[in-house]
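The values are calculated or read from the model by the stated rules, or taken from the named source; none is laboratory data. Everything numeric here is computed off the predicted structure, so don't read it as measured data. A quick note on method: Cβ atoms are made from the backbone with ideal geometry, for glycine too, and the neighbour counts reach across all protein chains shown.
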Amino acid sequence: MTTPALSIRPIAAAPATRSEIGFFGGKPIFDVPLEIVRPRFPALDTFGARFQDALRSGNVTNNGRWVLEFERQLTEYLGVPTATFCNGQTAMMAMLRAAGIAGGEVIVPAFTFSATPHAVRWCNADPVFADVLPDSMCLDPAHVERKITSKTKAILGVDVYGIACEYAELGELARRHGLKLLFDSAPAFGTRVDGRLVGGFGDAQMLSFHATKAFATMEGGCICSHNDALLKRAKAIRNFGQDPVGDCDEAGINGKLTEVCALIGIEQLKAFETAARARRAPHLRGARSAARPFACEARLKSGAHLALLAGCY
């Protein structure tokens, strides 16, 4: 079944009155309801023939043709080398393991999903919680600095609701203290910071392609990094610890993406920019008069697709 296209009517610059808001009986902004977390997938007929070819070939996993093509397109779109994984959590665990955090402490935000500290513990490290900024719910760099000890090995920021962390300030902290700077950017696919897409900041970033994300492949995720050694190690961890020639130098996992998820991802990339424009919070500015004020108004230009939740709970 084809997902209906989104259509958005123009919104006046001034905040809407209560009677103008769709929730209270006014004309809805979207002609087709915009469901924030409901999966939106391409029609099967857009990639079904390629999927049938993959089934006939028997090559449906193990970094097949379409996984490699998806990685190539992701790298081109994001502007940073990528490695795909079966899901975002597995990608984050491999990212942390490849960054060498075992035996140390990793500073994480006190406001995050449980997956963030769980990934740290899986890597035999201890999560240390730091406070968050009230306007973004992302890590507060000043509080992070107070949490740094001789045991600290990394800072793990979280781009909450797709709102980017204080990348520059956290980067300066990491450089000054000799720490790895990593990001759980699970919901931030498509977010831009100073014109750059999230993915190439810090030592590495993880993006999730879970079904509830703005960019979804049913399940999936990736690591993005300009650090060749870190990405190479993460790819080995993804494939039972094996390097490209099959030598096994460390304990790994089976974290590979399937061909069908890669095919969905390739189709999703084609339509992503159009879909993202419809999801971005500026389209709902008129609803402010019926909700708590947006604390993160200045950050909306980043493209945070779920920023509205930070101001409407």
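Only one of F85, F129 is more than 19 Å from the chain's Cα centre (by Cα) and among the hydrophobic types (A, V, I, L, M, F, W, C); which?
Working: F85 fails: more than 19 Å from the chain's Cα centre (by Cα).
Unique residue meeting the criteria: F129.
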> Across segment 175-196, what is the total count of residues that are over 11 Å from the mean Cα position of the chain (by Cα) and in contact (Cβ under 8 Å) with a residue 24 or more places away in the chain?
Replying inline: 8
> Within the set of pairs 6+ apart or on separate chains, which have a first residue in segment 145-174 that is modelled with pLDDT of 95 or more and of a type in the set (A, V, I, L, M), a second that is part of a helix (DSSP H, G or I) and surrounded by fewer than 18 Cβ atoms within 10 Å (Cβ to Cβ), and C-beta atoms under 7 Å apart?
Replying inline: I148/H177; L173/E145
> Which condition breaks for E69 when tested against (1) assigned to a helix (DSSP H, G or I); (2) in contact with a strand residue (DSSP E or B) (Cβ under 8 Å, 6 or more places away or on another chain); (3) in contact (Cβ under 8 Å) with a residue 40 or more places away in the chain?
Replying inline: (2)
> When you scan segment 149-162, how many residues do you find that are in contact with an Asp or Glu (Cβ under 9 Å, 6 or more places away or on another chain) and among the β-branched types (V, I, T)?
Replying inline: 3
> Only one of these conditions is not met by A99: (1) within 16 Å of T149 (Cα to Cα); (2) over 18 Å from the mean Cα position of the chain (by Cα). Which number is it?
Replying inline: (1)
>> Cβ contacts < 7 Å: first residue farther than 15 Å from A110 by Cα, restricted to segment 120-136; second residue in a loop (DSSP other than H, G, I, E, B), any location; separation 6+ or different chain. Result?
In response: C123/I101; C123/A102; N124/A102; N124/G103; A125/I101; A125/A102; A125/G103; A125/G104
>> Restricting to segment 240-262, count the residues that are within 19 Å of the chain's Cα centre (by Cα) and either part of a helix (DSSP H, G or I) or surrounded by fewer than 16 Cβ atoms within 10 Å (Cβ to Cβ) (or both).
In response: 2
> What number of residues within segment 216-236 are touching a residue at least 12 places away in the same chain (Cβ under 8 Å) and out of contact with any Leu (no Cβ under 8 Å at 6 or more places or on another chain)?
Replying inline: 12
